[in-house]
Amino acid sequence: MDRLARSRWTKWSLFALAVAAIVYAIVQSWPQHREDSSVGSIAPSFELPDLQGETVRLADFRGKGVLLNFWASWCGPCVKEMPLLNEVYAQSSDVAMIAINVGESPERARRFAEELNLNFTILLDQGSDMKKKYRINGLPVTLLIDETGRIVERRTGELRGVDDIKALLDKLRPDALNGK
């Protein structure tokens, strides 16, 4: 009889655990628990350190179009597109360019930026919190954010050339945003 009681207790415990797991999964998937990072939504805010340790906020760029790129130095496509982003940045003063390094140490990100002589803003997301907040599953991912903070485009994968990046930035210019 003791064996039978233990067997029932085990079954009920497993049942209760399964129910708790299902309830937890449902609650976590409810939309109000996550910020939206899809096209048309307001970009989730952030405060991250740059390579010098200064805090940079997305709100600092309100009123200006932003190209926001998520990357890591171990990511082959990221490495290929960084010099292209840098080249376009040198020619495009009307749009801010922010690259968020995901999951790497400040030293590694700094060394990478110095090797490529990157001149745009590089922020550090060591804990991958922004990667999660923006629902980034693979790298690189590039988002275009208009001057009001709304996401106007989301591109997953490598930006393949200077012309590709310039065409993206053109979508942030006032004429394109006003539908002209």
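FYI, it's all coordinate maths here, none of it is from the lab. For clarity, every value in this text was computed on a predicted model and none was experimentally measured. No Cβ is skipped: glycine too gets one built from the backbone with ideal geometry, and neighbour counts run over all protein chains shown.
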Which of 89, 24, 134 has the fewest Cβ neighbours within 10 Å, and the rest in rising order: 24, 89, 134
Cα gyration tensor, segment 56-161 - rounded (a/c under 1.5), prolate or oblate: rounded
Unit charges at the beta carbon, dipole of the chain: most positive-side option, 93, 49, 156: 156
Rounded to whole Å, sorted largest first: equivalent-ellipsoid semi-axes of the chain, Cα gyration tensor: 41, 20, 14
Residue-averaged 222 nm ellipticity for the chain, from DSSP H runs of 4+ at -39500 (n - 2.57), nearest 500: -12500 deg cm²/dmol
Ranking of 146, 125, 50 by count of other Cβ atoms within 10 Å, fewest first: 50, 146, 125
Computed lengthening from residue 6 to residue 163, 0.36 nm per intervening residue step minus Cα-Cα distance: 49.6 nm
Length gained when the stretch residue 57-residue 117 is fully extended (0.36 nm per residue, less Cα-Cα span): 19.3 nm
